[in-house]
Amino acid sequence: MPKAARVTGWGKYLPSRVVTNHELEDTLDTTDEWIRTRTGIKERRLAASHETTSSMATMAASQALASAGMEPQDLDLVLVATCTPEHLLPASASVVQNALGARRAAAFDLNAACSGFVYALATAYQFIAAGNFENILVVGSEIYSRILNWKDRSTSILFGDGAGAVLLQAQDGEPGLLSFILGSDGSRANLLYVPGPAGATEAGRNGFYLSMKGAEVFKFAVKAMCQASRKAVEAANLSLSDIELVIPHQANYRISQAAAHSLGIPLERFFSNVERYGNTSSASIPIALCEALEEGRVRPGDHLLMVGFGGGLSWGALVWKW
Ligand code: UT7
């Protein structure tokens, strides 16, 4: 009989430096009004020069452990979802494992771009359900400020840095994860990509900067969110009206608005903090989950729908009974 798992701890880390839209007006041909009306973003956090993906992940992970009252040496696995690691190797998860003192834990990174946290939570759950592991830290951490071309107004206004973490523990009783849907369409990888140091001659010319065809990604995002959400809810034997709270990837408030409209879920049930942090990629869902919990918006027994989309192209949705 597969074991059930619950989220018993959570934490987040946002760098202290706030960069407002008005500040970006000084260096880019943009306006606060354009950014707010097209994206919902008012400000974002940017990491200080000494901060890294794994230092932010460690802060969020420490908070998650403390909130559950768990010692790092009891962890079986540290899983970090990121596409902005500070090293190609070692994995950020190994750096976090060492910083935490999680001596017994295995560690690896998972890259599914902005869908990373949904992929990672579904992956971690399998280790528990199969009876292999009991205590797993699942972290999303990103430092996009280091892969943005700060002269490109079409991308640099959108993203921010940060990390979020949950502690997943094996427990008897009802499962937390009711269903998940993961998908990928590699034929459209060119819509959103960052060259890497191991491959591209192009990178030598242009730097390792993010390129995106925004309008096409927008259309994909709405469609992917709706399709994945419908499938995940159906696989959980629920209907969309049973979902108390949607925790969507925070990329653009208009994407959530369009998805809410198309799914027929009231927009008030879509959690949003994109106005304060911008798009923090695989960190956005765990940060949003933490804030939803802090604000008392999640009650025991609630059905949460977490849904992500992004580079790959990739998408993922899961239904979680809290
Ligand atoms: O995690 C997943 C990652 N990515 C996303 O989710 C992004 C999805 N896409 C989007 O959020 C939107 O497509 C954007 C916010 C990126 C762009 O909004 P849009 O309404 O699709 O604008 P657009 O790209 O069609 O551009 C409209 C106009 C263009 O000018 P012209 O050609 O109409 O004269 C752009 O040059 O807006 C211009 N523009 C800007 N103007 C002021 C583009 N960026 C800016 C800017 N400030 N920052």
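The values are calculated or read from the model by the stated rules, or taken from the named source; none is laboratory data. Just so we're clear, the structure is a prediction, and the values are computed from it rather than from any experiment. Using ideal geometry, Cβ is built from the backbone for each residue, glycine included, and neighbour counts are taken over all protein chains shown. SASA here: full protein model, heavy atoms, side chains in, ligands and nucleic acids out. Shrake-Rupley method; radii C 1.70, N 1.55, O 1.52, S 1.80 Å.
Of everything in the stretch 303-322, what is within 14 Å of the ligand (Cβ to nearest atom) and of a type outside the set (S, T, N, Q)? Give them in sequence order. Lay out the reasoning, then the answer.
If we filter the stretch 303-322 for residues that are within 14 Å of the ligand (Cβ to nearest atom), which is where we start, we get 307-316.
Correct list: Val307, Gly308, Phe309, Gly310, Gly311, Gly312, Leu313, Trp315, Gly316.
Given the residues Thr8, Thr20, which is the only one that is in contact with a strand residue (DSSP E or B) (Cβ under 9 Å, 6 or more places away or on another chain) and under 19 Å from Leu100 (Cα atoms)? Step through it out loud before you land on a result.
Details: Thr20 fails: under 19 Å from Leu100 (Cα atoms).
Selected residue: Thr8, the only one of Thr8, Thr20 that is in contact with a strand residue (DSSP E or B) (Cβ under 9 Å, 6 or more places away or on another chain) and under 19 Å from Leu100 (Cα atoms).
One line per residue, one yes/no per condition, for (1) within 19 Å of the chain's Cα centre (by Cα); (2) buried (at least 24 other Cβ atoms within 10 Å of the Cβ); (3) more than 16 Å from the ligand (Cβ to nearest atom); (4) among the small types (Gly, Ala, Ser):
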| site | (1), (2), (3), (4) |
| --- | --- |
| Glu244 | no, no, yes, no |
| Ser272 | yes, no, no, yes |
| Gly278 | yes, yes, no, yes |
| Glu294 | yes, no, yes, no |
| Gly301 | no, no, yes, yes |
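Pull out all pairs, ordered by first then second residue, where Cβ-Cβ is under 6 Å, the residues are six or more apart or on different chains, the first lies in the stretch 56-79 and is in the same structural domain as Thr123 (by TED's automatic domain parsing), and the second is of a type in the set (A, V, I, L, M) and surrounded by fewer than 18 Cβ atoms within 10 Å (Cβ to Cβ).
The qualifying pairs are Thr58/Ala99; Leu77/Ala106.
What do you reckon, is Ser314 open to solvent by less than 10 Å² (accessible area, probe 1.4 Å), of a type outside the set (Lys, Arg) and on the phi > 0 side of the Ramachandran plot? Spell out the reasoning first.
Details: open to solvent by less than 10 Å² (accessible area, probe 1.4 Å): yes; of a type outside the set (Lys, Arg): yes; on the phi > 0 side of the Ramachandran plot: no.
It is false that Ser314 is open to solvent by less than 10 Å² (accessible area, probe 1.4 Å), of a type outside the set (Lys, Arg) and on the phi > 0 side of the Ramachandran plot.
Among the residues of the stretch 268-275, are any free of Cβ contacts under 8 Å to residues at least 24 places away in the same chain and either more than 20 Å from Val138 (Cβ to Cβ) or of a type outside the set (A, V, I, L, M, F, W, C) (or both)?
Filtering the stretch 268-275 for residues free of Cβ contacts under 8 Å to residues at least 24 places away in the same chain gives 268, 273.
Next, only the ones that are either more than 20 Å from Val138 (Cβ to Cβ) or of a type outside the set (A, V, I, L, M, F, W, C) (or both) stay: 268, 273.
Within the stretch 268-275, one or more residues are free of Cβ contacts under 8 Å to residues at least 24 places away in the same chain and either more than 20 Å from Val138 (Cβ to Cβ) or of a type outside the set (A, V, I, L, M, F, W, C) (or both).
Could you pull out the residue among Ser239, Ser179 that is over 29 Å from His87 (Cβ atoms), of a type in the set (Ser, Thr, Tyr) and without any contact (Cβ under 8 Å) to a residue 12 or more places away in the chain? I'd like the intermediate steps shown before the answer.
Values: Ser179 fails: without any contact (Cβ under 8 Å) to a residue 12 or more places away in the chain.
Step by step, each of Ser239, Ser179 is checked, and only Ser239 is over 29 Å from His87 (Cβ atoms), of a type in the set (Ser, Thr, Tyr) and without any contact (Cβ under 8 Å) to a residue 12 or more places away in the chain.
Could you list all residues from the stretch 125-156 that are within 16 Å of the ligand (Cβ to nearest atom), buried (at least 24 other Cβ atoms within 10 Å of the Cβ) and not charged (D, E, K, R)? Break it down into steps so the answer makes sense when it comes.
We begin by selecting, within the stretch 125-156, every residue within 16 Å of the ligand (Cβ to nearest atom); these are 140-145, 147-156.
Narrowing further to those that are buried (at least 24 other Cβ atoms within 10 Å of the Cβ): 140-144.
Scanning the stretch 125-156 gives Gly140, Ser141, Ile143, Tyr144.
Kindly list the number of the only condition in (1) open to solvent by 30 Å² or more (accessible area, probe 1.4 Å); (2) in contact with a helix residue (DSSP H, G or I) (Cβ under 9 Å, 6 or more places away or on another chain); (3) within 16 Å of the ligand (Cβ to nearest atom) that fails for Pro266.
(3)
Pull up the stretch 246-255, narrow it to residues that are touching a residue at least 60 places away in the same chain (Cβ under 8 Å) and assigned to a helix (DSSP H, G or I), then point me to the one that is nearest to the chain's Cα centre (by Cα).
Start the filter on the stretch 246-255 by keeping residues that are touching a residue at least 60 places away in the same chain (Cβ under 8 Å), which leaves 246-249, 251-254.
Subset that is assigned to a helix (DSSP H, G or I): 253-254.
Working: Tyr253: 15, Arg254: 18 Å.
Ranking the qualifying residues of the stretch 246-255, first place goes to Tyr253.
What tally of residues in the stretch 201-221 results from selecting those that are open to solvent by less than 20 Å² (accessible area, probe 1.4 Å) and at pLDDT 75 or above? Quick ask: steps written out before the conclusion?
Filtering the stretch 201-221 down to residues open to solvent by less than 20 Å² (accessible area, probe 1.4 Å) leaves 203, 210, 217, 220-221.
Those still in the list that are at pLDDT 75 or above too: 210, 217, 220-221.
So the answer is 4.
Quick check on my filter: what residues within the stretch 19-47 are away from the ligand (no atom under 11 Å from the Cβ), open to solvent by less than 40 Å² (accessible area, probe 1.4 Å) and part of a loop (DSSP other than H, G, I, E, B)?
Scanning the stretch 19-47 gives a single hit, Ala47.
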